[in-house]
Amino acid sequence: MQHLGSLALTLAGTFSALAALAHLACIAIGAPAYRVMGAGERMARAAELGQWQPTVVTLGIAACLGVWALFAFSGAGWGPRLPLAKWGLVLITGIYLARGFAYPVIQPLFPGNSTTFWVISSGICLLIGTTHLVGVWTSWRDL
């Protein structure tokens with residue numbers, strides 16, 4: 001089972017790293033990328049105006065996703081074991097799954113984001129969360 005857990009956590013880490021890179025691409029490309037990613041017209045307009053908020057928010061999300069990728073890779077055995085890796089991975093798994101399932105509750109808080117954004121991003125979060133869950137569940141003793 002360790003092989004499955006390592007594979008799942010490697011895949012989960014890759015998903016998180018790709019999500020982080022997608023967020024960084026929004027910063028580099030600007031308003032058109034914010035629109036394509038469904039971040040909402042308010043974020044896109046703020047980026048067009050050169051305001052700092054879209055960059056800071058997006059950098060924060062990218063950094064968080066990058067750290068989460070590192071935790072998954074650590075749990076998979078790639079590099080040194082991070083402190084509290086087991087419990088960090090449990091928390092990360094829970095956040096991804098909660099974000100995926102909770103979109104009907106949190107969607108009204110962000111009225112500028114499209115329904116397409118919520119459906120696709122929630123599906124991605126469920127996929128990544130489930131991949132983490134498989135990895136954590138099958139690697140539990142080794143984490």
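The values are calculated or read from the model by the stated rules, or taken from the named source; none is laboratory data. None of these values were measured; they are calculated from a predicted model. Because the Cβ atoms are built from the backbone with ideal geometry, glycine has one as well, and the counts that use them run over all protein chains shown.
Across the stretch 4-30, the qualifying residues are those that are under 24 Å from THR131 (Cα atoms) and among the β-branched types (Val, Ile, Thr), and the one among them that is nearest to the chain's Cα centre (by Cα) is THR14. Residue count for the stretch 85-120 satisfying the condition of being in a helix (DSSP H, G or I), of a type in the set (Ser, Thr, Tyr) and over 16 Å from ALA12 (Cβ atoms): 3.
No other residue among GLY135, GLY100 is within 16 Å of ALA69 (Cβ to Cβ), surrounded by 18 or more Cβ atoms within 10 Å (Cβ to Cβ) and modelled with pLDDT of 90 or more apart from GLY135. The single condition among (1) modelled with pLDDT of 95 or more; (2) in a helix (DSSP H, G or I); (3) polar (S, T, N, Q) that GLN51 does not satisfy is (2). Candidates in the stretch 108-120 are the residues that are more than 20 Å from PRO54 (Cβ to Cβ) and at pLDDT 90 or above; of these, the one that is surrounded by the fewest Cβ atoms within 10 Å (Cβ to Cβ) is PRO108. Apart from one condition, LEU82 fits all of (1) modelled with pLDDT under 95; (2) more than 18 Å from ALA19 (Cβ to Cβ); (3) in a helix (DSSP H, G or I); (4) not aromatic (Phe, Trp, Tyr); the exception is (3).
In a residue-by-residue description of the stretch 41-59, the property of being surrounded by 19 or more Cβ atoms within 10 Å (Cβ to Cβ), of a type outside the set (Gly, Ala, Ser) and over 17 Å from ALA17 (Cβ atoms) applies to at least one position.
Please verify whether ALA17 is modelled with pLDDT of 95 or more and surrounded by 13 or more Cβ atoms within 10 Å (Cβ to Cβ), treating the condition exactly as stated. Against the criterion (modelled with pLDDT of 95 or more and surrounded by 13 or more Cβ atoms within 10 Å (Cβ to Cβ)), ALA17 qualifies. Only a single item in (1) in contact with a Phe, Trp or Tyr (Cβ under 8 Å, 6 or more places away or on another chain); (2) surrounded by fewer than 18 Cβ atoms within 10 Å (Cβ to Cβ); (3) of a type outside the set (Asp, Glu) is not met by PRO80, and it is number (1). Do any residues in the stretch 109-121 that are closer than 21 Å to ALA20 by Cβ have Cβ atoms under 7 Å from those of residues that are part of a helix (DSSP H, G or I) and not aromatic (Phe, Trp, Tyr), where the two are at least six apart or on different chains, and which pairs are they? Hits for this filter: TRP118/GLN107.
Would you check which residues across the stretch 83-98 are out of contact with any His (no Cβ under 7 Å at 6 or more places or on another chain) and not hydrophobic (A, V, I, L, M, F, W, C) and list them?
Once the filter is applied, which keeps residues that are out of contact with any His (no Cβ under 7 Å at 6 or more places or on another chain) and not hydrophobic (A, V, I, L, M, F, W, C), the stretch 83-98 yields PRO83, LYS86, GLY88, GLY94.
Looking across ALA33, ALA62, one residue alone is free of Cβ contacts under 8 Å to residues at least 60 places away in the same chain and within 12 Å of the chain's Cα centre (by Cα). It is ALA62.
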